[in-house]
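Notes to accompany the following structure.
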């Protein structure tokens, strides 16, 4: 990777917020915005929502309000968000990134709305970078090293080609650089074995492309990783097909839910175990805080000509604030410029899209 | 599903054991066999291993020993197991299923050896049922309902067609029937959303085939499920591509490992937390016992004309004994006849393999 162009942190970061998105809407997003502003003195917010909802936001510092007349429901089909509700809070919030006046334009947008709609509207309004066929969703998962493994794609794309997986590796590397300050993050290709002969034809070919990109100095490719490596933290970044990534993420959520239910059952089984629970409470609470999924809320939509972050639909105020903080860090450390720079460096020297590609040596 | 033919439990079950397989070989398999025989008075074992190893097995009741001169190593390529080591303990143990004399032939075989080799040798010696293109590996995962969700395929097949997923549903239903006594187990198709429009073209078409099989009374298809449904226990059975299943399983192992490491760290942080650990120990131990992966050891290779069970390579004696008990239950409840019957009923009325198939209504 050649040295980045000047990537000084932004002195001020302005974030557009879709206040109506998510299962709870303004009752969660507005308190989250208030807490976020208190902790981020160099941040400004552009709150987008219905006039009613925004009334409750008066008095917030460093905040501009923009009224939108419509709301994308969590179960609205993509077509409705895209073609019918043209004055939705989601769409208007994303549009704030595109404002011509740099004193007004947002550096990033955050929404807890419907994922499919957010992806479609973002793609329509912002467009993708040259060389990127499809945007991807990257998430942060806690790992045994006390850091976060970045994983993409998590559901935006099913049936990815080898070239898409290469694009994910390039964009994800930029994400790790922006969030963690690592300029050469390690990249793992999710597979069913470490050997290069494992996996489907697409995966094997993706391995070839990633090795070629590594040889060219564009990414730091570690090799194949397996499912358990995500939580071990074997690599900083794990790339996979959106179907596989979505299943891995949801399976993990299911397992975590089952284990926490079982711990609860065991500690409430009898008077004695309840006493043990009282004694163990501070320790269990520390444990719970470490694995609290609200601490790693905020998926990044990568590949677009603008930064959009997705908070979980069921976010509470802490989870939504985490997503705001993630968008702030990414924008402040110029994630968009980093993605653009890496794509230009790597993909112009490498195949992209569905074009025929030379075989790696 | 039409009523099964007479499926009375077998009065006596004979299991062939590859004593040399796994990371620990006879030091684990022989104690496991001893414990298993004590708990299963209607079981007989055929122990297969080197003469040296089997010397330690003398004195075991209801046991016959068969000497094999070779051992398939955990890292042997499939070709070596298949073509070079023709007198391996793995191969000889599987061969015990094929003996012509019913007073000698084993009803099932258990090995902790190399998965790829076990699958290849089993397939070569036993062959698949008509209508089954590829055998699959099914595992049991604990769920929040206190039962086990059966999941297949877990790595034997990457790039499955819709017809393969139907075959997995049929074979897996037989497995649930044999192990849990449920004649109409519910089947879920692993996907990235519950709606029928979700997923790849293969998954959508698999959904059509599964709905048609449901309409024909051959399986009890619940619909799409997501990753979190595996541990929730939403359906008795979950079918998926071997790549996706392997990633989901390994990701779960990684998460469980990270969580148990974190709990340990929190409880050993200071003198005070160590005291709390002492008090909480009985409760934590009960919890650990519930999620102990050794309690659900034993993957079934399905689709073959013989029952083969795979224990985890790293099995200790308890895990290997669990795999023996699983094979015993399956053989006793005539899993092979059930699979055969269900395949004949379903697949003769339905498409199989890569042949063109009528669209479901």
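The values are calculated or read from the model by the stated rules, or taken from the named source; none is laboratory data. Please read these numbers as outputs of a predicted model, since none were measured by experiment. Neighbour counts run over all protein chains shown; Cβ positions are idealised from the backbone, glycine included.
Among the residues of the range A:59-97, count how many are at positive phi and loosely packed, with under 13 Cβ neighbours inside 10 Å. Full working, then the answer.
Keep residues of the range A:59-97 that are at positive phi, which gives A:59, A:62.
Going one step further and asking which of them are loosely packed, with under 13 Cβ neighbours inside 10 Å, we end up with A:59.
Number of matching residues: 1.
For the range B:275-294, which residues satisfy the criterion of being under 20 Å from residue B:252 (Cα atoms), more than 7 Å from chain A (Cβ to nearest Cβ) and touching a helix residue (DSSP H, G or I) at 6+ places or on another chain (Cβ under 6 Å)?
Of everything in the range B:275-294, just one residue is under 20 Å from residue B:252 (Cα atoms), more than 7 Å from chain A (Cβ to nearest Cβ) and touching a helix residue (DSSP H, G or I) at 6+ places or on another chain (Cβ under 6 Å), namely B:294.
Under 7 Å by Cβ, and 6 or more places apart or on different chains, what pairs join a residue from the range B:43-58 that is under 13 Å from residue B:111 (Cβ atoms) with one that is in a loop (DSSP other than H, G, I, E, B) and at pLDDT below 95?
Every condition considered, the pairs that remain are B:47/B:57.
If you check B:105, B:100, which single one turns out to be part of a loop (DSSP other than H, G, I, E, B), touching a helix residue (DSSP H, G or I) at 6+ places or on another chain (Cβ under 9 Å) and surrounded by fewer than 21 Cβ atoms within 10 Å (Cβ to Cβ)?
On the way: B:100 fails: touching a helix residue (DSSP H, G or I) at 6+ places or on another chain (Cβ under 9 Å).
Residue meeting the stated conditions: B:105.
Quickly run through the range A:137-151 and pick out the residues that are buried (at least 24 other Cβ atoms within 10 Å of the Cβ) and either modelled with pLDDT under 95 or within 12 Å of chain B (Cβ to nearest Cβ) (or both).
Within the range A:137-151, A:137, A:149, A:151 meet the criteria.
Sort out for me the helices (runs of 4 or more DSSP H) sitting completely within the range A:167-272 that have 1 or more residues that are more than 14 Å from every other protein chain (Cβ to nearest Cβ), in contact with a strand residue (DSSP E or B) (Cβ under 9 Å, 6 or more places away or on another chain) and surrounded by 18 or more Cβ atoms within 10 Å (Cβ to Cβ). Walk me through it before giving the result.
Values: elements: A:201-215, A:227-232, A:242-267.
So the answer is A:201-215.
For the range B:113-130, enumerate the residues that are part of a loop (DSSP other than H, G, I, E, B) and closer than 23 Å to residue B:243 by Cβ.
Going residue by residue through the range B:113-130, those that are part of a loop (DSSP other than H, G, I, E, B) are B:113-114, B:127, B:129-130.
Scanning the range B:113-130 gives B:113, B:114.
Counting only residues that are within 18 Å of residue B:96 (Cβ to Cβ), part of a loop (DSSP other than H, G, I, E, B) and touching a helix residue (DSSP H, G or I) at 6+ places or on another chain (Cβ under 6 Å), how many does the range B:41-59 have?
1
Residues of the range A:60-85 being assigned to a loop (DSSP other than H, G, I, E, B), at pLDDT below 95 and over 24 Å from residue A:33 (Cα atoms), which ones?
A:75, A:76, A:77, listed by residue number.
If residue A:157 satisfies every condition in (1) at pLDDT below 90; (2) surrounded by fewer than 22 Cβ atoms within 10 Å (Cβ to Cβ) but one, which is the exception?
Going through (1) at pLDDT below 90; (2) surrounded by fewer than 22 Cβ atoms within 10 Å (Cβ to Cβ) one by one, residue A:157 breaks only (2).
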